[in-house]
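First up is the structure itself, then whatever we jot down about it.
Please treat every number below as a calculation from the coordinates, not as lab data. Just so it is clear, the structure is predicted and the values come from calculations on it, not from any experiment. Here the Cβ positions follow ideal geometry from the backbone for every residue, glycine too, while neighbour counts run over all protein chains shown.
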Amino acid sequence: MNSINDTIGKSSQAFASHPGYRRMFAPNELTLGIFLPLRFYDGDMGVLVGQADVVRDIDRHGFAAVWVRDVPLFDPAFGDAGQVFDPFTYLAFLAAQTKAIALATGSAIFSLRHPIDLAKASATIDQLSGGRLVLGIASGDRPVEFPAYGLEHAERGERFAQAVAYFRQLISSKTPIIDSPLGRIAGAEFLPKPVSGAIPLMVTGSSRQSLAWIGEQADGWLTFPEATHTREGPQRLAEKIRAWRKLIPDGGFRPHMTNEWIDLVEDPNHPRTPLRGGYVLRTGRKGLIDLLGEWRNADVNHAALGIQFSLRPAGEVVQELAEEVLPHFPSHQGHSDFKVPW
């Protein structure tokens, strides 16, 4: 049986040729992504009409990534339906609509689904997209979903760690031998394999794990940004990132990601102003550029921006971000020699 550490070592080397990873991440640099949906579901699927057209523009403009959320059930008490479409089905659709942009989950709930199903969907999208899938993963934050799956919410942390181990062994071995509380495999092969041999797993928050576990096991770390309207927030974020990176066993590069919901106003000089208790940032583009620069100085490598709360049309916001903000934080070369034959 492959050890988890052996699998991690092999995966880290494989990311040097992983198109999605390469497009998003490089040491001491920050790139930009866009979170979907572009407008929150409010009881009418019409808010999603035309979203794929904007995603094609996002790809054409040269953003690093487009992100989709994973929310199996809408809990009205939670107040946010999140990503209405199944994330894997939707990413497969977007893979056919785009050419270069990384396709990221923020975040796939590893505690709810079986790792075979997660691996099958992930490796399929990775192949269909030419190696552009980057998996943000999490243990889940909506308690109503767990009894619906027949699972205990209190056990989500343990199940998350088990699913990560199972997933990695499954996709990395030709004929894996797996003996896990989540299932046993011997004498069977998993297909398809990822394009570059591995799929990066970016742990979200703590996912009910220790910081030491995240330092050892995660291929990257996605966290909330702290306050975004003052310099103190990025400074606190920098401290958190430094503490995590000290726990990476080989001291090698592993990327950090963060995100913010923004209301980008037309006035470029509008100050960074927190809304909804700090959940949303209203700002002009100059304030946003300053924030992104502070994040880059804090050693953040990718920023995913959600524009669901913007009062302006989504296409207009994307256009301004592309013309005025993206040139300061360009994407990296993420193409590979892999040609998509499908």
Within the under-14-Å Cβ sphere about P181, not counting P181, Lys/Arg +1 and Asp/Glu -1 give a net charge of -1
Specify which labelled value, from [x] 58, 47, 44; [y] 62, 44, 44; [z] 62, 41, 39, agrees with Cα extents along the principal axes in Å derived from the coordinates of the model shown. [y]
Length gained when the stretch F224-V84 is fully extended (0.36 nm per residue, less Cα-Cα span): 48.2 nm
Determine the calculated [θ] at 222 nm for the chain from helices alone, applying -39500 (n - 2.57) to every DSSP H run no shorter than 4 residues and normalising by the residue count; nearest 500 deg cm²/dmol. -10000 deg cm²/dmol
Beta bridges by DSSP in region 4-328, antiparallel share as percent, to the nearest 5: 15
Could you list F224, F78 so that the one with the fewest beta carbons within 10 Å of its beta carbon is first and the one with the most is last? F224, F78
Relative exposure of I178, I289, judged by other C-beta atoms within 10 Å (fewest first): I289, I178
Distance in Å, no decimals, from the C-alpha centre of region 250-303 to the one of region 91-134 is 26
For a quick check: with amide H placed at 1.01 Å from N, whose amide H comes under 5 Å from A108's, ignoring anything fewer than 5 positions away on the same chain? G136, I137, A138
Suppose R0 equals 30 Å; then what is the FRET efficiency for V49 and A148 from their Cβ-Cβ distance, rounded to the nearest 0.05? 0.55
Protection proxy (average C-beta count within 10 Å per residue), highest first, orders 140-153, 113-126, 79-92 as 113-126, 79-92, 140-153
Using Cα atoms only, what is the angle between the long axis of helix 285-297 and the major principal axis of the chain, expressed in degrees (0 to 90) to the nearest 10? 40
Using a Förster distance of 22 Å, how high is the FRET efficiency between F253 and F338, based on the Cβ-Cβ distance and rounded to 0.05? 0.45
As a footprinting exposure proxy, order F338, F35 by other Cβ within 10 Å, with the fewest listed first. F338, F35
